[in-house]
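*Asks:* Sending over a structure as structure tokens; questions will come in a sec.
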Amino acid sequence: MKTSRAIAGLPPSVRRAIEKLGHDIRTARRRRRLPMTMMAQRAFIGRNTVARVERGDPGVSMGIYATALFVLGMADRVAELAAPASDRVGLSLEEDRLPQRVRSSRRGPGGGRGGA
């Protein structure tokens with residue numbers, strides 16, 4: 001099997017996460033008593049591709065992983081992978097950029113210059 005540079009250069013934590021995803025997909029399929037052949041038919045992929053997904057092969061496209069989750073009734077989770085509300089680092093950085101204090105306007109309640 002040919003390995004691309006991008007796959008070969010995956011950080012170990014990413015590789016482990018994809019392998020865990022594959023294992024979790026396999027567990028979900030088996031809990032549903034769904035044979036691998038039927039999973040392949042429903043996802044419009046080959047049985048070998050299902051096997052690669054379940055091994056956590058990083059060479060399988062994200063679309064195939066998403067389709068496998070759809071077949072299992074778990075596609076809603078794909079939309080939450082990078083949800084801004086669960087981005088702890090981004091939220092922390094955003095909080096760090098908040099002003100230290102907020103000053104009120106000296107112009108008064110009307111906000112403009114001049115008289116009434």
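Quick note: the coordinates plus some simple rules give every number you see, no bench work behind them. Given the structure is predicted, the values throughout are model-derived calculations rather than measurements. Methodologically, a virtual Cβ is constructed for each residue, glycine included, from the backbone with ideal geometry; neighbour enumeration extends over all protein chains shown.
*Asks:* Provide 69, 21 in ascending order of the number of other Cβ atoms located within 10 Å of each residue's Cβ, fewest first.
*Replies:* Lowest to highest Cβ neighbour count: 21, 69.
*Asks:* Let me ask something else about it. Out of 80, 54, 95, any idea which swings most in a Gaussian network model of the chain, alpha carbons joined below 10 Å?
*Replies:* Of the options given, 95 has the highest mean-square fluctuation.
*Asks:* Still on this structure, please answer the following. Pick from 84, 99, 12 the residue whose mean-square fluctuation is largest in a GNM of the chain, springs joining Cα atoms under 10 Å.
*Replies:* 99
*Asks:* For the Cα atoms of the chain, what angle does the longest principal axis make with the long axis of helix 62-71, in degrees from 0 to 90, nearest 10?
*Replies:* Roughly 80 degrees between the two axes.
*Asks:* Let me ask you something else. Write out the chymotrypsin sites (Phe, Trp or Tyr not before Pro) in the stretch 24-107 meeting two conditions: DSSP loop, and at most 10 other Cβ atoms within 10 Å of their Cβ.
*Replies:* Working: sites: 44, 65, 70; in loops: 44.
Answer by residue number: 44.
*Asks:* Please identify, among 55, 26, 103, the residue showing maximal mean-square fluctuation in a Gaussian network model of the chain using a 10 angstrom Cα cutoff.
*Replies:* Result for the chain, Cα springs under 10 Å: 103 fluctuates most.
*Asks:* For the stretch 1-74, what is the charge dipole size about the Cα centre, in debye to the nearest 20, if Lys and Arg each add +1 at the Cβ and Asp and Glu each add -1 at the Cβ?
*Replies:* Numbers: 15 positive and 4 negative charges, 44 e Å.
Rounded to the nearest 20 debye, it is 200 debye.
*Asks:* Using the basic label-point model (7 angstrom from Cα toward the beta carbon), what is the residue 76 to residue 7 distance in nanometres?
*Replies:* Between residue 76 and residue 7, the simple spin-label model gives 3.3 nm.
*Asks:* Let me know the shape class of the chain, please: from the alpha-carbon gyration tensor, a ≥ b ≥ c as square roots of the eigenvalues, rounded when a/c is under 1.5, otherwise prolate if a/b is greater than b/c, or oblate.
*Replies:* On the way: a/c = 4.12, a/b = 2.70, b/c = 1.53.
Cα axes put the chain in the prolate bin.
*Asks:* With everything on Cα atoms, drop me the angle between helix 12-31 and the longest principal axis of the chain, reported from 0 to 90° to the nearest 10.
*Replies:* 60
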